[in-house]
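Participant: Please find one structure pasted underneath; my questions will follow.
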Amino acid sequence: MGLNVVNLVGRVGAEPDVKYLESGKVVCKLTLAVNRPTSKDDKPDWFNLEIWDKPAEVAANYVHKGSLIGVQGSLKIDTWNDRSSGALRSKPLIRVYRLDLLGAKKDIDPSAVPNYGGDGEF
């Protein structure tokens, strides 16, 4: 039995990179800065996020640089061969399956969000 769950709350580092695939699926990639609670002098930890399907559409429409969000997902290690050297490269990635918009409610227009229940969860 295994368990691979990651929960993060932080601020989005740049505008989301959204792609609509020929298959009809949507993928959104973004970075998330998470501050450590232990020291205010520490720099934030940065995470690469990959969001698919309905949560990706929500991120594309309502998440912007600086937005406060919460995510739940699983850790995935992306691997590839470097084009110039051929060396095997890798980087950690969080595959998000739950997205929570944590900004102030005044920042979210309920009439513009389908199925918005007022709690910011999609």
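Participant: Please verify whether Arg83 is at pLDDT 95 or above and basic (Lys, Arg), treating the condition exactly as stated. Break it down stepwise before answering.
Facilitator: On the way: at pLDDT 95 or above: no; basic (Lys, Arg): yes.
Considered against the rule, which asks whether it is at pLDDT 95 or above and basic (Lys, Arg), Arg83 comes out as no.
Participant: Is it true that some residue in the stretch 68-83 is without any contact (Cβ under 8 Å) to a residue 60 or more places away in the chain, within 10 Å of the chain's Cα centre (by Cα) and under 19 Å from Glu15 (Cβ atoms)? Walk me through how you get there before you give the answer.
Facilitator: From the stretch 68-83, those without any contact (Cβ under 8 Å) to a residue 60 or more places away in the chain are 68, 76-83; that's our starting set.
With within 10 Å of the chain's Cα centre (by Cα) added as a condition, the list becomes none.
Taking every residue of the stretch 68-83 in turn, none turns out to be without any contact (Cβ under 8 Å) to a residue 60 or more places away in the chain, within 10 Å of the chain's Cα centre (by Cα) and under 19 Å from Glu15 (Cβ atoms).
Participant: If I filter the stretch 19-31 down to residues being more than 10 Å from Trp52 (Cα to Cα) and of a type in the set (A, V, I, L, M, F, W, C), which single residue comes out as nearest to the chain's Cα centre (by Cα)?
Facilitator: Leu30
Participant: Looking only at the stretch 65-72, decide whether some residue is small (Gly, Ala, Ser), at pLDDT 95 or above and closer than 22 Å to Asn4 by Cα.
Facilitator: Within the stretch 65-72, one or more residues are small (Gly, Ala, Ser), at pLDDT 95 or above and closer than 22 Å to Asn4 by Cα.
Participant: Grab the strands (runs of 3 or more DSSP E) fully contained in the stretch 6-107, keeping just those with 3 or more residues being crowded, with 16+ Cβ neighbours inside 10 Å.
Facilitator: Fully inside the stretch 6-107 and qualifying: 6-12, 26-34, 45-52, 68-81, 88-101.
The values are calculated or read from the model by the stated rules, or taken from the named source; none is laboratory data. What you see is a predicted model, and the numbers here were worked out from it, not measured in a lab. Counting neighbours? That spans all protein chains shown, and the Cβs are built from the backbone with ideal geometry, glycine included.
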